[in-house]
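> Handing you a structure now.
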Amino acid sequence: MTTTTSPVDNGVNVGALLGAREALTAMPEAAQFTWRATCEWVSGTHSRSRVEGFFGLGEEQSHKTEFTYDADHPEIFASEDHGATPVELVLAGLASCLTAGVASVAQNRDIQLNSVTATLEGGMDIQGILGIDPDVRNGFSGIRVRYDIDADATPEEIRAVVAQSQKRSAVYDVITNPTNVTVEVN
Amino acid sequence: MRNSTVVLGAGHAGLAMSRCLTERSIDHVVLERGEVANSWKTERWDSLRLLTPNWMSRLPGYGYGGDEPDGYRTMPETISFLERYADGIAAPILTGTTVTSVRRTDDGYEVVTDRGTWHCQAVVIATGACNIPNVPAVAQAVPAGIDTLTPNEYRNPDRLAEGGVLVVGAAATGAQIAEEIHRSGRPVTLAVGEHIRVPRVYRGRDIKWWMDACGVLEERYDEVDNLVRVRNVPSLQLVGSDDRRNLDLNGLTGIGVKLVGRLAGIQNGKAQFSGSLPNQCAMSDLKMNRLLARIDEWATENSLDGQVEPPHRFEPTRVEAAPSLDVDLGGIRTILWATGYRPDYSWLDLPVLDRKGRIRHDGGVVESPGVYLLGMPFLRSRKSSLIDGAGDDARFLSAHLASYLDHAISRPGLAVRTA
């Protein structure tokens with residue numbers, strides 16, 4: 001009887017990523033990226049954000065197409081609910097970033113993923129944003145992420161992949177560490 | 001007789017190299033800014049002991065002859081150990097000699113010191129990895145009235161003001177100092193970033209015994225996935241003590257130390273901490289368990305299972321459900337930066353530094369021919385950072401150096417002081 005081992009394929013081109021790391025180690029200025037979004041008020045609490053261009057590898061780049069994201073608030077906030085709330089988009093951003101990391105790290109460690117589902121909850125006391133209690137912060141009191149992962153690996157190996165994806169995640173860093181934000185009016 | 005090499009630094013690495021050079025009849029001088037074992041004498045805290053057991057500090061031609069092989073040397077014992085070694089190998093040391101410049105000349109290298117200039121064909125840099133304490137940029141935002149210090153300045157808790165202490169960094173240094181300061185009655189907040197948890201004793205044997213036996217310490221620099229990473233990992237959370245106790249975050253929590261995430265900023269009189277503490281602890285536990293699994297596997301393969309205690313695992317690191325994300329610095333009198341060290345190469349006038357100020361080298365062989373580096377983390381293997389690792393590295397590099405001298409233009413009477 002012969003056994004064959006199929007190569008691990010999570011759809012991540014790890015070779016290209018490692019090549020990029022090597023190239024950018026030698027040329028750190030090319031590693032300087034700027035990400036952009038524009039946002040236009042539609043009506044009420046409804047707004048529409050667009051992303052297309054960004055800067056990286058020393059020059060202007062752009063997505064294959066423009067992406068748009070509607071954001072609004074649900075009807076219990078007396079809004080018309082034309083889209084996700086901005087804080088839900090933050091959760092989506094965190095989930096997407098971590099999940100991309102899970103796929104990449106698993107690929108790099110030769111772990112075949114069969115399914116990956118992240119479920120996120122962000123607790124929030126809205127007395128903060130409503131200005132009811134100045135001791136309550138506006139943002140999340142905490143974020144809980146739960147992963148259900150079916151992969152050809154031991155539970156410890158899967159946990160290690162998820163831990164490493166947090167270590168290398170941009171959005172995880174954005175959320176867990178302070179960032180200076182400057183807002184100007186033209 | 002050749003007379004050709006200058007060794008910089010009379011710590012364990014420089015001494016090991018001196019011994020290897022003497023064995024090869026390579027004439028050399030060891031230049032030392034202070035005295036033998038200078039950093040151990042002047043830059044360590046009182047309670048510090050080596051993290052490795054006595055039997056393990058093996059240097060070329062020198063081992064442990066005492067009756068406490070499993071003990072851990074105090075600083076005075078470490079100093080006298082190195083002094084005895086220096087005497088025993090009759091190392092040609094010039095103490096009190098500070099190097100101010102090393103540069104290339106037409107026929108080799110010029111080493112300028114405050115006590116004259118040497119010309120030589122080969123230079124061994126054994127000035128150590130821990131010359132300058134790293135202090136994060138956020139230190140500039142520390143409010144007036146808070147004392148700040150680095151581990152090379154710290155001696156014991158009694159020298160600190162009464163009141164709360166923020167210890168930044170939880171590798172061996174930060175964890176050890178946090179423990180003794182907290183026990184002195186000064187409540188400690190410990191900012192925890194990446195750290196490496198290991199038990200002091202596992203299955204009845206010192207963790208260093210296992211790491212030595214099962215080959216972890218032998219892992220070579222040219223066989224690891226990410227050399228930059230392994231050269232920058234923090235020191236193992238260990239302490240050398242008579243009772244061989246563990247030093248870990250659970251123990252610190254148990255005595256009342258408050259754990260917070262990595263220090264992320266200081267604003268409006270508050271220190272802000274990263275929300276990454278749960279993951280930092282989870283990663284550390286996973287890494288420890290991988291090491292223990294490797295040890296168990298090796299023990300089974302080598303039929304040790306009946307002879308040592310059975311395998312077991314340690315309680316996962318306990319992290320509060322919602323660790324504090326900020327601390328009011330009004331309650332903090334002292335901040336101690338246990339955030340690592342970096343070498344000082346301000347005197348090195350050779351184009352061998354990378355953009356981060358590190359010497360470019362291949363396992364200790366520096367790009368500039370005839371220049372060698374010794375005594376750095378993962379220089380040639382995982383044990384390169386240990387006293388015990390200096391021997392193998394010095395043996396290899398002295399052989400390389402000898403071969404270099406054989407092929408270099410033969411010039412008599414080098415390593416001559418000219419001023």
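The values are calculated or read from the model by the stated rules, or taken from the named source; none is laboratory data. Treat the numbers as computed from the prediction; the structure is a model and nothing was measured. Don't worry about glycine lacking a Cβ; one is built from the backbone with ideal geometry, like all the others, and counts go over all protein chains shown.
> Here is a check on your reading of the model: is A:Glu88 exposed (fewer than 13 other Cβ atoms within 10 Å of the Cβ) and either in contact (Cβ under 8 Å) with a residue 12 or more places away in the chain or more than 11 Å from chain B (Cβ to nearest Cβ) (or both)?
Criteria not met by A:Glu88.
> Tell me which residues, restricted to the range B:313-356, are within 24 Å of the chain's Cα centre (by Cα) and modelled with pLDDT under 95.
Hits for the range B:313-356 are B:Asp354, B:Arg355, B:Lys356.
> Being under 27 Å from the mean Cα position of the chain (by Cα) and of a type in the set (A, V, I, L, M) is the filter; apply it to the range B:139-165 and report the residue that is farthest from B:Ala178 (Cα to Cα). Please lay out each step first, then the result.
In the first step, residues of the range B:139-165 are kept if they are under 27 Å from the mean Cα position of the chain (by Cα); the result is B:139-140, B:147-160, B:165.
Filter again for of a type in the set (A, V, I, L, M), leaving B:139, B:149, B:160, B:165.
Details: B:Ala139: 19, B:Leu149: 13, B:Leu160: 12, B:Val165: 8 Å.
Residue satisfying both the conditions and the ranking: B:Ala139.
> On to the next question. Can you go through B:Tyr109, B:Tyr72, B:Tyr85 and tell me which one is among the aromatic types (Phe, Trp, Tyr), in a loop (DSSP other than H, G, I, E, B) and touching a residue at least 24 places away in the same chain (Cβ under 8 Å)? Spell out how you get there, then give the answer.
Details: B:Tyr109 fails: in a loop (DSSP other than H, G, I, E, B); B:Tyr85 fails: in a loop (DSSP other than H, G, I, E, B).
Matching residue, one of B:Tyr109, B:Tyr72, B:Tyr85: B:Tyr72.
> Another question, if that's okay. Restricting attention to the range A:115-160, which residues are β-branched (Val, Ile, Thr) and either within 13 Å of another protein chain (Cβ to nearest Cβ) or without any contact (Cβ under 8 Å) to a residue 40 or more places away in the chain (or both)? Explain how you work it out, then say what you get.
To start, the set of residues in the range A:115-160 that are β-branched (Val, Ile, Thr) comprises A:116-117, A:119, A:126, A:129, A:132, A:136, A:143, A:145, A:149, A:154, A:158.
Of everything in the range A:115-160, those that are β-branched (Val, Ile, Thr) and either within 13 Å of another protein chain (Cβ to nearest Cβ) or without any contact (Cβ under 8 Å) to a residue 40 or more places away in the chain (or both) turn out to be A:Val116, A:Thr117, A:Thr119, A:Ile126, A:Ile129, A:Ile132, A:Val136, A:Ile143, A:Val145, A:Thr154, A:Ile158.
> Looking at the range A:163-184, I want the residues that are within 8 Å of another protein chain (Cβ to nearest Cβ) and assigned to a loop (DSSP other than H, G, I, E, B) and have a partner that is among the aliphatic types (A, V, I, L, M) and surrounded by 14 or more Cβ atoms within 10 Å (Cβ to Cβ) with Cβ atoms under 6 Å, at least 6 apart or on another chain. Which pairs are those?
Taking only residues 6 or more apart or on different chains, the pairs are A:Asn177/B:Ala264; A:Pro178/B:Ala264.
> Then there is this: Can you say whether A:Gln112 is out of contact with any His (no Cβ under 8 Å at 6 or more places or on another chain), farther than 29 Å from B:Pro323 by Cβ, touching a residue at least 24 places away in the same chain (Cβ under 8 Å) and surrounded by 15 or more Cβ atoms within 10 Å (Cβ to Cβ), as far as the supplied structure shows? Before you say what the answer is, go through the steps one by one.
Working: out of contact with any His (no Cβ under 8 Å at 6 or more places or on another chain): yes; farther than 29 Å from B:Pro323 by Cβ: yes; touching a residue at least 24 places away in the same chain (Cβ under 8 Å): yes; surrounded by 15 or more Cβ atoms within 10 Å (Cβ to Cβ): yes.
So A:Gln112 fits the description; yes.
Okay, residues lined up against (1) assigned by TED's automatic domain parsing to the domain that holds B:Leu160; (2) crowded, with 22+ Cβ neighbours inside 10 Å; (3) in contact with a Lys or Arg (Cβ under 9 Å, 6 or more places away or on another chain); (4) not in a helix (DSSP H, G or I):
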{"residue": "B:Gln176", "(1), (2), (3), (4)": "yes, yes, no, no"}
{"residue": "B:Glu180", "(1), (2), (3), (4)": "yes, no, no, no"}
{"residue": "B:Gly185", "(1), (2), (3), (4)": "yes, no, no, yes"}
{"residue": "B:Glu194", "(1), (2), (3), (4)": "yes, no, yes, yes"}
{"residue": "B:Met211", "(1), (2), (3), (4)": "yes, yes, yes, no"}
{"residue": "B:Leu217", "(1), (2), (3), (4)": "yes, no, yes, no"}
{"residue": "B:Val224", "(1), (2), (3), (4)": "yes, no, yes, yes"}
{"residue": "B:Val230", "(1), (2), (3), (4)": "yes, no, yes, no"}
{"residue": "B:Pro234", "(1), (2), (3), (4)": "yes, no, no, yes"}
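> Sticking with this one: Restricting to the range A:9-57, count the residues that are within 14 Å of chain B (Cβ to nearest Cβ) and assigned to a helix (DSSP H, G or I).
Number satisfying all stated conditions: 12.
To keep it simple, each residue is scored yes or no on (1) at pLDDT 95 or above; (2) more than 24 Å from the chain's Cα centre (by Cα); (3) closer than 27 Å to B:Thr339 by Cβ.
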position	(1), (2), (3)
B:Leu50	yes, no, yes
B:Trp55	yes, no, no
B:Asp67	no, yes, no
B:Glu83	yes, no, no
B:Ser101	yes, yes, no
B:Asp107	no, yes, no
B:Val123	yes, no, no
B:Ala126	yes, no, yes
B:Pro133	yes, no, yes
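> While we're on this one: Please find, within the range B:259-312, the residue that is farthest from A:Ile158 (Cα to Cα) out of those that are within 14 Å of chain A (Cβ to nearest Cβ), of a type in the set (Gly, Ala, Ser) and part of a loop (DSSP other than H, G, I, E, B).
Residue satisfying both the conditions and the ranking: B:Ser274.
> Tell me, which residue of the range B:229-258 that is of a type in the set (Lys, Arg) and farther than 17 Å from B:Thr189 by Cβ is nearest to the other protein chains (Cβ to nearest Cβ)?
So, considering only residues that are of a type in the set (Lys, Arg) and farther than 17 Å from B:Thr189 by Cβ, the one nearest to the other protein chains (Cβ to nearest Cβ) is B:Arg229.
> Okay, next question. Given the condition of a type outside the set (D, E, K, R), under 24 Å from B:Gly275 (Cβ atoms) and touching a residue at least 12 places away in the same chain (Cβ under 8 Å), answer yes or no: does some residue in the range A:55-62 qualify?
no
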